[in-house]
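Let me begin by presenting the structure, written as structure tokens, before commenting on it.
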Amino acid sequence: MAAAIEIQKLSKRYGDLLALDNIQLTIDTGEFFALLGPNGAGKTTLISILAGLTIASSGQAKIMGHDVVADYGQSRRKLGVVPQELVYDPFFTVRELLVIQSGYYGIRKNDAWIDEILYRLDLTRKADTNMRALSGGMKRRVLVAQALVHKPPVIILDEPTAGVDVELRQALWQFIKQLNRDGHTIVLTTHYLEEAEALCNRVAMLKQGKIVVLDSIRNLIKSIQGLTVQMRLSCEKLPAALQSWPTSSSEGFHYFKMENYPQIELLLAMLRQENIQVLEMQLQQPDLEEVFVKIMGAQSLETP
Amino acid sequence: MIGFYTLFYKELLRFWKVSFQTLLAPILSSMLYLLIFSHVLETRIQVYQGVAYTTFLIPGLVMMTALQNAFANSSSSLIQSKISGNLVFILLSPLSYLEIFLAYVCASVVRAIIVGLGVYGATLMLFDTPMAHPLWALLFVFTGSLLLGSLGIIAGIWSDKFDQLAAFQNFIILPLTFLSGVFYSIHSLPAIWQHLSHLNPFFYIVDGLRYGFLGVSDISPYLSLSVVVLFSGAVSWLTLWMLKAGYKIRH
Ligand SMILES: Nc1ncnc2c1ncn2[C@@H]1O[C@H](COP(=O)(O)OP(=O)(O)OP(=O)(O)O)[C@@H](O)[C@H]1O
Ligand SMILES: [Mg+2]
């Protein structure tokens, strides 16, 4: 069976800028995949090429075995994309828009499924409201709904939770997880790394158009050795005895890096010896964010 | 087929929902042209033997209104979708470039025929408008609005901003329409202008429609039809090529 997404030697050049540099990536059917990277890394460009919105400079891409250029009719039928930009058609109501969108995919009677999507995205009450009269978060839900009208086996969401409130974010992920359980392949980009960590099984990290990491979340987190203990202490400056411990500090907290749990005791013993009290303490397990920061370098991490 | 039909229907709905501006306003303004010009010129000008100036003017105005609206429909729809970004929903879909082309052009043609009929109908209330060959008339409105609908797609795709579209309209479409003999017969022009007018495709559309209404025209309707079909074909081909290449819409 063909992979959900197969990308081979794909590059995209905008003038002098190499937005995508020889991307090689295969995503299997049924995966829940995260595409991560700082602003401008090339995530949206890659998605646009898969969707046929952008034409690659070289290389090729396939959705469910269908080339996105040569066989665009089939590849687009298999793909649902939630665009990053909040776009909408002000002439129509939510339901009209979904009926029209279904028609573009050759689907005429789609009411049952449209009702289902509206319900799952909590849009039922807004079904007959004009797009103009929706809030930003609601418009984004409609974008999600539009991407799903044709029940695509592969769904790509480009920052679907930007500007969406907590409650809906939960509901949205429940829905997407359900779709994934039903066999849909999900690819998402997000700047909320804890989201990616909680949902996805594999990630690719992009940096300046190149894939710098491609692995399962589990392996990536395992790759970070040790843990960090965050403490507020009764003294501002660390005594000489502790200077050799790998630490950092910010905003009144000290961060002690260690390889394993037994070392905590060692640290506490040293602090006691120096007569320093621990005022606050927190254990930090390695997480995806730490992996990300390590790979991207703290400088290039931009807030969402 | 459902894809084409849906986009076509959406385009119809788009202008229908604002029909006050898209249908009524152009009909009203061409009636104003008609009343003013006929009042001023009725007694002074006679273009064809036995044909009053107003009668001469009506088919020209019908055609001018139809052409302008055919152009306005596809071009404004496209540029609005491009600027607001919702063109993406069409681009993401499996609609072929041929389906996209046909949907936009057909919607333009429908709007052109509605306003054309509207102007014609309105004149019937005030004047004794003749209709010598209705099929010829329809044929020319159809092919003419096909040409302008196509040109509208080109302009909509080419323009990045509303003022570029306005420039296309004001510097290309408007002069070609006004110089096509809507208000005069080109036989009344100096020789050089007569020759130049023959290079204007819009001239053939207007002259052809006039044949449909009056049964007389400057040149043979068969020749006019051939020229219009040729032009429509060439412009359609160019439009299809642009859509296929994704010029300015798929980066
Ligand atoms: N149409 C375009 N013309 C020129 N350059 C472009 C175009 N689209 C994107 N770029 C450039 O390509 C690079 C990658 O952009 P892209 O939108 O793919 O980044 P991204 O990873 O999606 O970032 P973000 O997290 O901000 O959404 C950027 O440097 C961007 O400026
Ligand atoms: Mg992006």
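Given the -39500 (n - 2.57) contribution per DSSP H run of 4+ residues, what per-residue ellipticity at 222 nm results for the protein assembly as shown, rounded to the nearest 500 deg cm²/dmol? Please report the intermediate quantities before stating the final value.
On the way: 21 runs with 282 residues, N = 555.
So the calculated ellipticity at 222 nm is -16000 deg cm²/dmol.
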Review point. Which of A:Ile295, A:Thr54, A:Val144 sits closest to the plus end of the dipole of chain A, meaning its Cα is farthest towards the positive end, when Lys and Arg get +1 and Asp and Glu get -1 on the C-beta?
Key: A:Thr54
Point to revise | Shielding of B:4-13 by partner chains, average beta-carbon count, 10 Å | key: 4
Review point. Which of B:Phe171, B:Phe127 comes first, and how do the rest follow, when ranked by fewest Cβ neighbours within 10 Å?
Key: B:Phe171, B:Phe127
**Study point:** Debye intensity ratio in log₁₀ form over the Cα atoms of the protein assembly as shown, taken at each q of 0.06, 0.10 Å⁻¹
**Key:** -0.44, -0.89
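Return the average number of partner chain Cβ atoms within 10 angstrom of each residue Cβ along peptide B:79-91.
Details: counts 0, 3, 2, 0, 0, 5, 6, 11, 3, 9, 12, 3, 6.
Averaged over the peptide's residues, the number is 5.
Over all residues in A:82-94, what is the mean tally of Cβ atoms on other chains that come within 10 Å of each residue's Cβ?
The mean count of partner-chain Cβ atoms within 10 Å per residue comes to 4.
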Exercise for review: Please arrange B:Arg250, A:Arg120, A:Arg218 by counting, for each residue, the other beta carbons lying within 10 Å of its beta carbon, fewest first.
Suggested key: A:Arg218, B:Arg250, A:Arg120
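With the contact rule set at Cα under 8 Å and sequence spacing of 6 or more, what percent relative contact order holds for chain B?
Working: 335 pairs, mean separation 65.1, N = 251.
Worked out over chain B, it gives 26 percent.
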Check your understanding: In what order do B:His195, B:His133, A:His184 fall by count of nearby beta-carbon atoms within 10 Å, going from fewest to most?
Key -> B:His195, B:His133, A:His184
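Given +1 on the Cβ of Lys and Arg, -1 on the Cβ of Asp and Glu, and no further charges, what dipole in debye does the protein assembly as shown carry about its Cα centre, rounded to the nearest 20?
Charge dipole of the protein assembly as shown: 740 debye, to the nearest 20.
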Revision key, fill the gap. Of the residues B:Leu95, B:Met125, B:Ser180, the Cα lying farthest along the dipole of region B:2-245 towards its positive end, which is defined by charges on the beta carbon of Lys, Arg, Asp and Glu, belongs to B:Leu95
Exercise for review: Of the options B:Thr65, B:Val47, B:Ser81, report the single residue whose Cα projects farthest towards the positive end of the charge dipole of region B:1-108 (beta-carbon charges: Lys, Arg +1; Asp, Glu -1).
Suggested key: B:Ser81
Revision key, fill the gap. Taking a ≥ b ≥ c as the square roots of the eigenvalues of the Cα gyration tensor, with a/c under 1.5 meaning rounded and otherwise prolate when a/b exceeds b/c and oblate if not, region A:5-221 is prolate
Practice item. Go through region A:232-245 residue by residue and turn each phi into a ³J(HN,Hα) via Karplus (6.51, -1.76, 1.60, θ = phi - 60°); whole Hz please, and just put x for glycine and proline. Key: 10, 10, 6, 10, 6, 9, 7, x, 4, 4, 9, 4, 7, 6
Revision key, fill the gap. Here the net charge surrounding B:Ser217, from other residues whose Cβ is less than 12 Å away from its Cβ (Lys, Arg +1; Asp, Glu -1), is -1
Practice item. Classify region A:31-111 as rounded, prolate or oblate, taking a ≥ b ≥ c as the square roots of the eigenvalues of its Cα gyration tensor: rounded when a/c is under 1.5, otherwise prolate if a/b is larger than b/c and oblate if not. Key: oblate
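What is the magnitude of the charge dipole of chain B about its Cα centre, with +1 placed on the Cβ of each Lys and Arg, -1 on the Cβ of each Asp and Glu, and no other charges, expressed in debye to the nearest 20?
600
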Point to revise | Too-long pairs where the Cα-Cα distance tops 24 Å, listed order kept, from A:Lys237/A:Lys257; A:Lys207/B:Lys248; A:Lys43/A:Lys177 | key: A:Lys207/B:Lys248
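Only bridges with both residues in region A:5-221 count here: give the DSSP antiparallel percent, nearest 5.
Antiparallel bridges make up about 55 percent of those DSSP assigns within region A:5-221.
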**Study point:** Span-like helix ranges in chain A, DSSP H, alpha carbon extent 15 angstrom or more, Kyte mean at least -1.0
**Key:** A:94-104, A:136-148, A:166-181, A:262-273
Check your understanding: Counting DSSP beta bridges with both partners in the protein assembly as shown, what percentage is antiparallel, nearest 5?
Key -> 70
Review point. Can you list residues whose amide H is under 5 Å from A:Val82's amide H, if they're 5+ apart or on another chain and H is modeled 1.01 Å from N?
Key: A:Ile156, A:Leu157, A:Asp158
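Taken together, the values in this text are just the output of simple stated rules run on the coordinates, not laboratory data. All figures in this text were calculated on a predicted structure; none of them were measured in a lab. Note: ideal-geometry Cβ built from the backbone for every residue, glycine included; neighbour counts use all protein chains shown.
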